[in-house]
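Engineer: One structure coming up, written as structure tokens, with questions to follow.
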Amino acid sequence: MTKTLPRSFYNRPTLTVARELLGARLIHISDGIKLMGLISETEAYIGEDDLACHAKAGRTIRTDPMYGPPGHAYIYFTYGNHWMLNAVTEAEGFPAAVLIRAIQPIEGVELMMERRLGRDTLGPGKLTQALGITKSQNYADLTESTSSLRIEAGIFIPEKSVTIGPRVGLNKTTEPWLSMPWRFLVKETILETR
């Protein structure tokens, strides 16, 4: 039986967590239906000095989850219509998180495709729409096996299958933060080996 990733998994350097979340199972129980996808793309956001990170503004109502215990969800609204799911990382009090940018659906696919009108889940707003994740899951404990939103161990993704590069959609973020190679992407479709 697959287990949720423990808090110690998230209480590590954010870049390590971002890379190792590739292939993990993201699960949301939505309307009584289990929806699950393998994480295929992530981005790291690290501390108040990272000018692409929300924490650059310090601790606010919006960024408060990032300062909390590792292994919790940080969910925010952007572009006027998209929810974004992040997993909080590193020690409590230090604001860092991994944005989950894409999944490969493997369970509850029919409902996900209905919500996405048959379109893909390759994008942070697209995956939250498909999974039915909203602000109500902000602060959710992703390490709790009974949580409706959790992340479980998945499949190993070898280095040869991963592309590392700059984060996307940062608009007016200045260098060096604009070009930091903090995005991790699985090159091809992940094969599920349950």
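Engineer: Can you tell me which residue among THR146, THR163 is over 16 Å from the mean Cα position of the chain (by Cα), within 17 Å of ILE29 (Cα to Cα), exposed (fewer than 15 other Cβ atoms within 10 Å of the Cβ) and not small (Gly, Ala, Ser)?
Structural biologist: Unique residue meeting the criteria: THR146.
Engineer: Still on this structure, please answer the following. Out of GLU188, GLU144, GLU110, I need the residue that is assigned to a loop (DSSP other than H, G, I, E, B), modelled with pLDDT under 95, over 20 Å from THR63 (Cα atoms) and among the charged types (D, E, K, R). Which one? Outline the logic, then answer.
Structural biologist: On the way: GLU144 fails: modelled with pLDDT under 95; GLU110 fails: assigned to a loop (DSSP other than H, G, I, E, B).
None of the other options fit; the residue is GLU188.
Conditions (1) surrounded by 15 or more Cβ atoms within 10 Å (Cβ to Cβ); (2) in contact (Cβ under 8 Å) with a residue 12 or more places away in the chain, marked per residue:
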| residue | (1), (2) |
| --- | --- |
| GLY123 | yes, yes |
| ILE133 | yes, yes |
| SER136 | no, no |
| ASP141 | yes, yes |
| ARG150 | yes, yes |
| GLY169 | no, no |
| GLU175 | no, no |
| LYS187 | no, yes |
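Engineer: Now a separate question. Quick test for you: out of ARG167, ARG119, ARG101, pick the one residue that is basic (Lys, Arg) and assigned to a strand (DSSP E or B).
Structural biologist: Values: ARG167 fails: assigned to a strand (DSSP E or B); ARG119 fails: assigned to a strand (DSSP E or B).
None of the other options fit; the residue is ARG101.
Engineer: Suppose the filter is in a loop (DSSP other than H, G, I, E, B) and not polar (S, T, N, Q); does ARG150 pass it?
Structural biologist: Numbers: in a loop (DSSP other than H, G, I, E, B): no; not polar (S, T, N, Q): yes.
Criteria not met by ARG150.
Engineer: Which residue, of ASP31, ASP50, is surrounded by fewer than 22 Cβ atoms within 10 Å (Cβ to Cβ), on the phi < 0 side of the Ramachandran plot and among the acidic types (Asp, Glu)? Step through it out loud before you land on a result.
Structural biologist: Working: ASP31 fails: on the phi < 0 side of the Ramachandran plot.
After ruling out the rest, the residue left standing is ASP50.
Engineer: Just for segment 65-96: of the residues that are surrounded by fewer than 16 Cβ atoms within 10 Å (Cβ to Cβ), assigned to a loop (DSSP other than H, G, I, E, B) and in contact with a helix residue (DSSP H, G or I) (Cβ under 9 Å, 6 or more places away or on another chain), which one is modelled with the lowest pLDDT?
Structural biologist: The selected residue is TYR79.
Engineer: Out of PHE156, PHE184, which single residue is touching a helix residue (DSSP H, G or I) at 6+ places or on another chain (Cβ under 7 Å) and within 14 Å of GLY23 (Cα to Cα)?
Structural biologist: Values: PHE156 fails: touching a helix residue (DSSP H, G or I) at 6+ places or on another chain (Cβ under 7 Å).
Only one candidate qualifies: PHE184.
Engineer: Among the residues that make up segment 2-22, is at least one of them at pLDDT below 95 and more than 23 Å from LEU178 (Cβ to Cβ)?
Structural biologist: Let us first name the residues in segment 2-22 that are at pLDDT below 95, namely 2-3.
Right, trim to more than 23 Å from LEU178 (Cβ to Cβ) and you get 2-3.
Within segment 2-22, one or more residues are at pLDDT below 95 and more than 23 Å from LEU178 (Cβ to Cβ).
The values are calculated or read from the model by the stated rules, or taken from the named source; none is laboratory data. All values derive from a computational prediction rather than experimental measurement. So basically every Cβ, Gly included, is an ideal-geometry build from the backbone, and we count neighbours across all protein chains shown.
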